[in-house]
1. Kindly state, to the nearest 0.05, the FRET efficiency for E90 paired with H246, given R0 = 25 Å and r defined as their beta-carbon distance.
2. Let a ≥ b ≥ c be the square roots of the eigenvalues of the Cα gyration tensor of segment 43-128; is it rounded (a/c under 1.5), or, if not, prolate (a/b larger than b/c) or oblate?
3. Quick check: residue separation of K77 and S238 times 0.36 nm, minus the Cα distance between them. What number comes out in nm?
4. Could you go through segment 106-114 in sequence order and give the Karplus-derived ³J(HN,Hα) for each residue, using 6.51 cos²θ - 1.76 cosθ + 1.60 with θ = phi - 60°, rounded to whole Hz, and x for Gly and Pro?
5. Taking the Cβ-Cβ separation of K214 and S38 as r and a Förster radius of 25 Å, what is the calculated FRET efficiency to the nearest 0.05?
6. Given R₀ = 51 Å, FRET efficiency for F100-R161 by Cβ-Cβ distance, to 0.05?
7. Taking amide H atoms as placed 1.01 Å from N in the peptide plane, list the residues 5 or more away in sequence, or in a different chain, whose amide H sits under 5 Å from that of T220.
8. Taking θ as phi - 60°, what are the ³J(HN,Hα) couplings along segment 58-68 by the Karplus curve (6.51, -1.76, 1.60), each to the nearest whole Hz, with x for Gly and Pro?
Amino acid sequence: MATASLERHYRTIFISDVHLGTKACQAYLLLDFLKHTSSDQLYLVGDIVDGWRLKRHWHWPQAHNDVIQKLLRKGRKGTEITYIPGNHDEFARSFLGSEFGAVKLADDAVHETADGRRFLVIHGDQFDVVVRRAKWLAHVGDKIYVLLLVLNTWVNGLRRRLGFSYWSLSAHLKHKAKRAVDFIGRFEGALVDEAKRRGLDGVICGHIHTAEFKEIDGLTYCNDGDWVESCTALVEHSDGRLEIVHWTAPVEEAARRDGQIPAEPEQVAA
């Protein structure tokens, strides 16, 4: 497991589902990750900003602004940044093909690793039947998900007092739920089928807040997770090797002191 004491350079970093604009966003942990890592390329794989929540309630603490500034600073220093919007930041899809400074907006991308493999990079909501056909049901799912996040906050408050690191109760329960497992399996299969249809070697996505790295039907499926529950990123090493990095370093003291760690997080379901 990576810790805040390590400083590493990667060929590529993939992050998604940050959900800036919600109280559940682990902005301080993400800032710590961005501070202690660098890369030649950086993919923002959707749901970086939660437009759904911001339309209903404005929440934008300094830490969220700091994340944006840190990303832009990386671009100014030479990191090639590709922003692939998701369903929660679908407003950015109006600007596909545009460039803002060092940030390029695209609906999806094909990334070639150092060892020659080619991956479809896409948020993944296009392959979520609920989001695509019944957005109202996705919002109902938000209501259930927020209850898990409230429990998650209570559990981790107790863990901090006992000296333990961050652990996602909501992610654990999601993995235990059979229907969630079935949904994830269908989602993964649909994305792998799309990568296969395009003649690629695999897919890198986000959307379902479940970090994963595995082989499916001869292709590589990678999900870089999120910065609400799991606090994970997918990284590519200089030799093309891909790895999921978990970043749960104890950097929350300043956040508590500034009042940025909430008592009740808001919904940020896929």
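1. The computed FRET efficiency comes out at 0.35.
2. Oblate, since a/c reaches 1.5 and b/c is not below a/b.
3. Answer, rounded to one decimal: 56.0 nm.
4. Karplus-based 3J(HN,Hα) across segment 106-114 equals 8, 6, 7, 8, 10, 9, 9, 6, 4 Hz.
5. Plugging the Cβ-Cβ distance into 1/(1 + (r/R0)^6) gives 0.35.
6. Plugging the Cβ-Cβ distance into 1/(1 + (r/R0)^6) gives 0.75.
7. G202, V203
8. Couplings: 7, 9, 8, x, 4, 4, 5, 5, 4, 4, 4 Hz.
Read the figures in this text as sums done on the coordinates, not as results from a lab. Keep in mind the model is a prediction, meaning the values are calculated, not measured. All Cβ positions, even for glycine, are placed from backbone atoms using ideal geometry, and neighbour counts span all protein chains on display.
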